[in-house]
């Protein structure tokens, strides 16, 4: 490559400009950060032959630079090196916002030796809207290897790469947030779907791993009699282990979190006198208390071999998880006592079941242009599932199907309160998303520990054949249209957990013969003797195979198939569905 300096972009050869244009196209063709960086390295290789290449980005927790992508670097450098913003030739590029070219690093006291026998280095900041977001660093084992022309070209490349990297990071962050919200919804449902403490804890370890890439994870429950925390689940580097040690109530990072009743994050355990060494490889630790009714029931504890590993995002996510687990664990512990009490209440429950059945809403008439069927198969004396219909106008109809967490009388009572509130709000005829937001606000203001509900709500306008629909954590309803039955892609937070939750809404224009199926998880989660789930696909199959049946016939076929699939066993969860068929 010509070593003559290029004083402006106009002096760059046409061939090089063509490569720069191709680089811009290549690196902006993906929002995957790793693909962007790999493509950038490959394209830069066409402009200048390098031996060692790296892109460093700032860590969220410390703002130190870490190696996000590298060629020619040792694995330990990629995994463990952290460079403060002002250190080294790389740090100088960040501080000044200018490219730094060093012909002989042995004569430059700023040089940080990451690779053996390096003699020259070129560090170029990645700048977006006047802000340095990272550094592109190229090194060579030859002295004076990089020319002013290469520096100019690499600076131009860096301006394009910086924008692509920032876009990819924003996309990665948004995608991660969306995945986190969906997973928190799943965790809330799964943690409350079992009343066995060991199963709750096992699932917590599995689901937490999908949120935080931990190395060492423990859940310790408080033993009030002995005033100690006992390990109930411990996972070390991917392996479940039996940890028999106990932690006195007011010792260690775990004890500090319990005493302070808030998360405790320690970036360097060697500098914290509270740290109790159990795992010699630990460098940082995060402990989050699980609190139920102002009482600490346990602590979630994460450890990492990296310094300053845990971020504020980790603290926030684990705090939400800890709140879910505290409720779930207490529910499981109280289950036996509740079961004993329910045996004495059997007579009252039978009477309550008859009353609940009598309170089920009547099916709307033909004036709405719909053939409607509704079914409830309760797993116990009282159902925690619910459905309702409300008149929104002469030919407008509101339809709801919900599922309260837990089972039995408490769930039924919670559901009755929700239905009463739903009908009260229905007098204002809100759109579905607004209905869910209002109901969530009502339930959130009257928060009941361990209780929440999922709900799907829709409104139907006969004249326009328009269905508006929103979902708060309920099973995604199915739509049969144009000869196919598919999910209506709608998710959302369950009601009664986060008062600030908002909900999406979809509008569908239906044709004659189209079918909508709302159903609770008791149908999809029906299991056969091999442990397989009935799943939404089998519900859709029933609809696809029987579109000519009336709503009543289709509802019966779905429930019969679920019952046959589970071998006629008594349902472990309420099975509820509402079928709407457009006349």
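The values are calculated or read from the model by the stated rules, or taken from the named source; none is laboratory data. Predicted model only: the values in this text are computed from it and were never measured. Note: ideal-geometry Cβ built from the backbone for every residue, glycine included; neighbour counts use all protein chains shown.
Collect the residues in segment 499-525 that are within 17 Å of residue 434 (Cβ to Cβ) and in contact with a helix residue (DSSP H, G or I) (Cβ under 7 Å, 6 or more places away or on another chain), keeping them in residue-number order.
Quick first cut of segment 499-525, residues within 17 Å of residue 434 (Cβ to Cβ) only: 499-507.
Matches in segment 499-525: 499, 501, 502, 503, 504, 505.
Which of the residues spanning segment 113-125 are in contact with a helix residue (DSSP H, G or I) (Cβ under 9 Å, 6 or more places away or on another chain) and at pLDDT below 90? Let's see the steps before the verdict.
Our first condition is that a residue be in contact with a helix residue (DSSP H, G or I) (Cβ under 9 Å, 6 or more places away or on another chain); within segment 113-125, this holds for 113-115, 118-125.
113, 114, 115 - these are the residues of segment 113-125 that are in contact with a helix residue (DSSP H, G or I) (Cβ under 9 Å, 6 or more places away or on another chain) and at pLDDT below 90.
Each row is one residue, and each column tells you yes or no for (1) within 20 Å of residue 401 (Cα to Cα); (2) in contact with a helix residue (DSSP H, G or I) (Cβ under 9 Å, 6 or more places away or on another chain).
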site	(1), (2)
529	no, no
532	no, yes
547	no, yes
551	yes, no
557	yes, yes
565	no, yes
571	yes, yes
582	yes, no
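Each row is one residue, and each column tells you yes or no for (1) more than 11 Å from the chain's Cα centre (by Cα); (2) assigned by TED's automatic domain parsing to the domain that holds residue 38; (3) at pLDDT below 75; (4) surrounded by 15 or more Cβ atoms within 10 Å (Cβ to Cβ).
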residue	(1), (2), (3), (4)
164	yes, yes, no, yes
180	no, no, yes, yes
187	no, no, yes, yes
200	yes, no, no, yes
203	yes, no, no, yes
207	no, no, no, yes
213	yes, no, no, no
Filtered residues of segment 72-90 (kept if closer than 15 Å to residue 127 by Cβ and modelled with pLDDT under 90)
85
Hey, any hits in segment 498-505 for a residue that's on the phi < 0 side of the Ramachandran plot and not in a loop (DSSP other than H, G, I, E, B)?
yes
Any idea which of 543, 579 is modelled with pLDDT of 95 or more, surrounded by 20 or more Cβ atoms within 10 Å (Cβ to Cβ) and under 18 Å from residue 369 (Cβ atoms)?
579
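Could you run through segment 373-388 and say how many residues are touching a strand residue (DSSP E or B) at 6+ places or on another chain (Cβ under 6 Å) and either free of Cβ contacts under 8 Å to residues at least 60 places away in the same chain or assigned to a strand (DSSP E or B) (or both)?
9
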Can you tell me which of (1) farther than 18 Å from residue 292 by Cβ; (2) modelled with pLDDT of 90 or more; (3) out of contact with any strand residue (DSSP E or B) (no Cβ under 6 Å at 6 or more places or on another chain) is the one residue 262 doesn't meet?
(1)
Looking at segment 248-264 only, could you name the residues that are crowded, with 19+ Cβ neighbours inside 10 Å and either without any contact (Cβ under 8 Å) to a residue 40 or more places away in the chain or out of contact with any helix residue (DSSP H, G or I) (no Cβ under 6 Å at 6 or more places or on another chain) (or both)?
252, 253, 254, 255, 256, 257, 258, 264
Might you let me know whether segment 199-214 holds any residue that is over 30 Å from residue 185 (Cβ atoms), out of contact with any helix residue (DSSP H, G or I) (no Cβ under 6 Å at 6 or more places or on another chain) and without any contact (Cβ under 8 Å) to a residue 12 or more places away in the chain?
no
Kindly indicate whether any position in segment 502-515 is within 24 Å of residue 383 (Cα to Cα), touching a residue at least 40 places away in the same chain (Cβ under 8 Å) and surrounded by 14 or more Cβ atoms within 10 Å (Cβ to Cβ).
no
Selection within segment 138-153 - at pLDDT below 85 and in contact with a strand residue (DSSP E or B) (Cβ under 6 Å, 6 or more places away or on another chain)
none
Residue among 379, 395 that alone is more than 21 Å from residue 497 (Cα to Cα), under 31 Å from the mean Cα position of the chain (by Cα), in the same structural domain as residue 517 (by TED's automatic domain parsing) and surrounded by fewer than 21 Cβ atoms within 10 Å (Cβ to Cβ):
379
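For the subset of segment 516-537 comprising residues that are surrounded by fewer than 18 Cβ atoms within 10 Å (Cβ to Cβ) and under 22 Å from residue 385 (Cβ atoms), which member is farthest from the chain's Cα centre (by Cα)?
Going residue by residue through segment 516-537, those that are surrounded by fewer than 18 Cβ atoms within 10 Å (Cβ to Cβ) are 527-533, 535, 537.
Next, only the ones that are under 22 Å from residue 385 (Cβ atoms) stay: 527-528, 533, 535, 537.
On the way: 527: 26, 528: 29, 533: 23, 535: 21, 537: 23 Å.
Going through the qualifying residues, I end up with 528.
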